[in-house]
Every structure is written in C-alpha cells, then in structure tokens.
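The values are calculated or read from the model by the stated rules, or taken from the named source; none is laboratory data. Please read these numbers as outputs of a predicted model, since none were measured by experiment. Cβ placement follows ideal geometry from the backbone for every residue including glycine, while neighbour counts extend to all protein chains displayed. For the accessible areas, the whole protein counts, side chains as well, though only heavy atoms, and no ligand, DNA or RNA atoms are used. Shrake-Rupley method; radii C 1.70, N 1.55, O 1.52, S 1.80 Å.
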Amino acid sequence: MRAINRSVILNSIKANGPIARAEVARSSGLSPATVTAITAELIEEGFVYEKAAGDSSGGRPPILLAINPLGGYVVGIKLMEDHAIGALTDLEANILQRHQMPLIDRSAEGAIQVMADLVKMLLGLGAVPRKKLIGVGVGLAGIVDSNQGVLRQSPYFGWLDIPIRDLLQAHVKAPVFIDNDVNTFTLAERWFGSGQGVKDFLTVTIGRGVGLGIVTNGQFYRGAGGGAGEFGHIVVDADGPLCDCGKRGCLEAFVSDPALLAQANEAKSKTFIPQTVNDLEELARLSQQGEPGAVAILHRAGSIFGQSIANLVNIFNPGRLLISGEGVRNGPVFFNAMRTAIQEFTMPGQYNDLELRIEPWGDDIWARGAASLVLQQLFESPVLQDVKP
Ligand SMILES: [Zn+2]
C-alpha cells in the first residue's frame with residue numbers, strides 16, 4: 001500500500017508540479033498526513049524538493065513540491081545487431097551522457113559483458129556514484145517476457161530463453177528491467193513524449209523491421225503471452241517475398257530497410273535505377289530528384305504501409321498515432337503515399353479522430369525508451385503496472 005501511495009504521489013508531482021501538498025492530497029485522494037509523511041521520505045531520498053512559489057503578494061509564499069530531476073539516475077540500453085547504444089538520463093528521461101560499444105562477441109555472454117561495460121562507462125562519464133543509479137533498462141528486438149526478465153526469442157542473434165535481467169543484474173548490482181524495444185519506445189512517448197495526456201494511442205516504428213506499441217485506455221496492451229504488436233508480420237500478400245520470420249509476404253518483407261534496398265538493387269539490374277543504392281538516404285534522395293525507379297519503389301512501399309496502418313486505425317480507433325524509427329528517413333514520396341492510403345482506407349469517423357504524427361528520429365530515442373522502463377517503476381503505481389498471467 002505504501003509503495004502504491006508513493007507512486008501516486010510521485011506521479012501527481014510529476015504531472016502537476018510544482019504543486020502544494022494540499023493539492024497533492026486533494027488530487028490523489030490521500031489524507032494530508034499520508035502525503036506529508038511520504039513527501040518527507042521522498043525529499044529525504046532526493047527525488048522531490050521544496051520550492052517557494054515565485055509570486056508572493058505580501059503573505060507567506062506557499063511551499064510547492066517538484067520532482068528533482070537529478071535525484072537519481074538511470075541507464076537505458078538498446079541492443080542493436082552489431083552494437084549497443086547507451087544513455088545516462090535523469091528522472092525526467094533527459095539524456096545526460098551517451099555512448100556506444102561494438103558487439104564483437106555476439107554470444108549472449110558477450111552481449112551481457114558489453115552492456116555491463118556500457119553502464120560502467122556511462123556512470124564514469126556522468127561522474128555519477130553507483131548508489132545514485134536507480135536501475136538499468138534494456139530494450140531489445142524480439143519476444144521478451146518482461147515480467148520474468150527473459151528474452152524468449154531474438155530475431156537477430158538466434159538466442160532463445162536468455163535470462164538477460166538476472167545475468168546483467170549480477171554485473172551492475174542495480175535493478176534491471178528488460179522489454180521489447182518498441183514497447184520501451186512507446187513507454188517513453190507515454191511518460192515523457194507525444195503520448196502524454198492521450199489515453200488511446202499507437203506507435204508504429206519502421207526501419208530494420210516494423211513494430212507496433214499499443215496503449216488503450218491508458219494501459220499498455222501486451223497480449224496473452226506478451227507477443228502482441230507483431231505488426232511487421234501481418235500478411236500483405238501470401239505470395240509475396242520471403243520474410244525473416246520464414247513466412248511469405250509479411251508487411252516487413254515489403255517496407256523494411258533491407259526490403260527497400262533489395263527492391264532498389266533489383267531495379268538497378270533491370271536498369272530502372274542507374275546506380276547501386278547503398279542505403280535508404282540514397283534511395284530517398286534519388287526519389288526526391290525524380291528518379292522514376294526510386295519514386296516507384298517508395299511510392300508503392302508507402303502505399304502498402306499506409307494500407308496496413310489504415311487496418312490498425314479501423315481496429316483500434318486511436319486518438320493519436322506516432323510513427324518513428326530509422327525509416328522516417330524514407331522521405332516525402334514514401335510518407336505522402338502513406339498518408340493518402342491511410343485516408344483512403346480508414347472508415348471516415350476513425351480518420352477524423354486520428355492525429356497522425358511523424359516523430360523525428362535519432363538512435364538516442366531507443367536508449368531513452370529503455371531508460372523509461374526504469375522510470376515507469378518509479379512513477380507508476382504497482383497496481384497499474386502491466387500484470388501478466
Ligand atoms: Zn514475417
């Protein structure tokens with residue numbers, strides 16, 4: 001109960017602060033005595049500080065409570081195919097330090113060692129003592145059992161059932177939380193980004209793959225076994241190209257970075273595109289220069305992506321849909337085609353409810369998302385945290 005009240009109070013200060021104690025009591029429904037006792041504890045621990053109100057017209061200014069962003073620190077790590085990205089953040093998920101390390105040994109043990117080294121490095125760069133580290137969050141591609149802290153299946157490494165949380169915890173001596181990378185991104189948006197104040201929103205990421213995060217009625221939706229959101233593997237055309245998952249014609253097999261590059265270089269062999277295309281920036285640039293092969297590829301992929309998103313919108317009726325990921329570099333040809341298809345294929349009412357946002361992208365966002373995994377534990381009441389059967 002105390003832990004729940006503590007999160008409720010912290011969350012109220014985070015959402016409404018600077019805020020007076022009386023106001024916290026009123027908005028949380030807790031007794032003033034409880035609020036006073038718990039805030040004293042939070043001040044003592046450095047998570048909250050007292051601040052005098054700025055405008056005083058003679059009388060004694062009320063004392064307000066605010067979150068102390070530097071009351072604790074978090075490390076967020078995103079494990080990529082060949083490197084790990086890490087960020088040291090404050091309590092408001094602001095990035096203070098960033099660093100990345102290559103994965104030379106691609107075994108699970110090798111990756112754990114790199115992540116442990118990254119934590120040490122980031123604490124050193126930020127001159128943060130280990131006791132101020134609240135926890136480490138790790139975002140990974142694949143199917144993750146976040147309650148057990150186990151990576152069930154990794155598409156990039158071929159690992160199965162790796163207890164990443166416990167292995168890393170033994171190294172860093174601080175609580176470790178792990179989750180699927182798209183979920184961590186969604187969490188960051190919900191607590192600190194464009195998902196704030198929206199009860200029903202979706203995040204779609206595009207890039208190396210396609211991912212989906214679902215928040216309905218303010219709650220994260222994970223599905224019966226934690227596998228919800230495999231949007232990249234909905235079938236667009238059962239006779240389509242082979243996907244990484246072993247099936248044919250998944251959305252990812254049409255619109256992911258590797259799929260687009262394969263299409264570009266196939267078009268080159270048929271001389272629709274005169275040059276070898278090395279990366280997505282190059283393909284996007286060719287399309288903006290009007291190179292017909294590049295325009296055709298990105299227009300078709302954007303349309304397919306938009307149709308698939310329209311299906312999601314028709315099912316979930318989100319108030320907001322955030323699109324992000326490395327694929328935001330695909331450029332206007334892709335995204336204009338996507339917007340047209342979304343408008344064309346959603347039910348009119350659903351379309352009117354929808355606010356579509358394309359979020360700028362940087363590798364930092366993944367690491368910030370992973371850090372939010374830890375911050376969630378601080379701000380969200382344990383009863384509201386995702387409970388799995
Ligand atoms: Zn697939």
Would you mind checking the tilt of helix 332-345 against the longest principal axis of the Cα atoms of the chain, expressed as 0 to 90 degrees and rounded to 10?
80 degrees
Compute the long axis of helix 292-316 from its Cα atoms, compare it with the longest principal axis of the Cα atoms of the chain, and write down the angle in degrees, 0 to 90, nearest 10.
50 degrees
Would you mind telling me the share, in percent, of accessible area of region 2-67 contributed by carbon and sulfur at probe 1.4 angstrom?
54 percent
Calculate what fraction, in whole %, of the accessible area of region 250-350 sits on carbon and sulfur atoms when a 1.4 Å probe is rolled over the protein chains.
53 percent
State, to one decimal in nm, how far the label point of Thr216 lies from the label point of Asp161, with both points 7 Å from Cα in the Cβ direction.
3.1 nm
Just to be sure I understand: of the beta bridges DSSP finds with both ends in region 195-358, what percent are antiparallel, rounded to 5?
55 percent
How much accessible area per residue does region 18-95 have, in Å², with a 1.4 Å probe?
45 Å²
Could you work out which residue, out of Ala37, Ala294, Ala15, moves most in a Gaussian network model of the chain, that is, has the largest mean-square fluctuation with Cα springs under 10 Å?
Ala37
Heads up, I need the accessible area for Tyr49: 1.4 angstrom probe, whole protein in place, Å², nearest 10.
90 Å²
Acute angle (nearest 10 degrees) that the helix 257-269 long axis makes with the longest principal axis of the chain, alpha-carbon atoms
20 degrees
Taking a 21 Å limit on the Cα-Cα distance, which of the listed pairs Lys132/Lys199; Lys78/Lys199; Lys78/Lys120 fall beyond it?
Lys132/Lys199; Lys78/Lys199
Just to be sure I understand: of the beta bridges DSSP finds with both ends in the chain, what percent are antiparallel, rounded to 5?
60 percent
Which part of region 74-98 falls in the paramagnetic zone of Lys51, meaning amide N under 20 Å from the point 7 Å along Cα-to-beta-carbon?
74, 89-96
Between region 210-244 and region 269-335, the Cα center-to-center distance that results, in Å
19 Å
Work through the residues other than Gly232 whose Cβ is under 13 Å from its Cβ and net out their charges, Lys, Arg +1 and Asp, Glu -1.
-3
Ranked highest first by the average count of other Cβ atoms within 10 Å around their residues, in what order do 224-230, 327-333 fall?
327-333, 224-230
At R0 = 30 Å, FRET efficiency that the Cβ-Cβ distance of Ala262 and Lys199 yields, to 0.05
0.15
Counting only protein heavy atoms and rolling a 1.4 Å probe, one gets per residue an accessible area for region 241-389 in Å² of 44 Å²
Förster radius 25 Å - calculated FRET efficiency between Thr340 and Thr271 (Cβ-Cβ, nearest 0.05)
0.30
Work out, step by step, the length gained on full extension between Glu282 and Lys132: first 0.36 nm times the residue separation, then minus their alpha carbon distance; give nm to one decimal.
49.6 nm
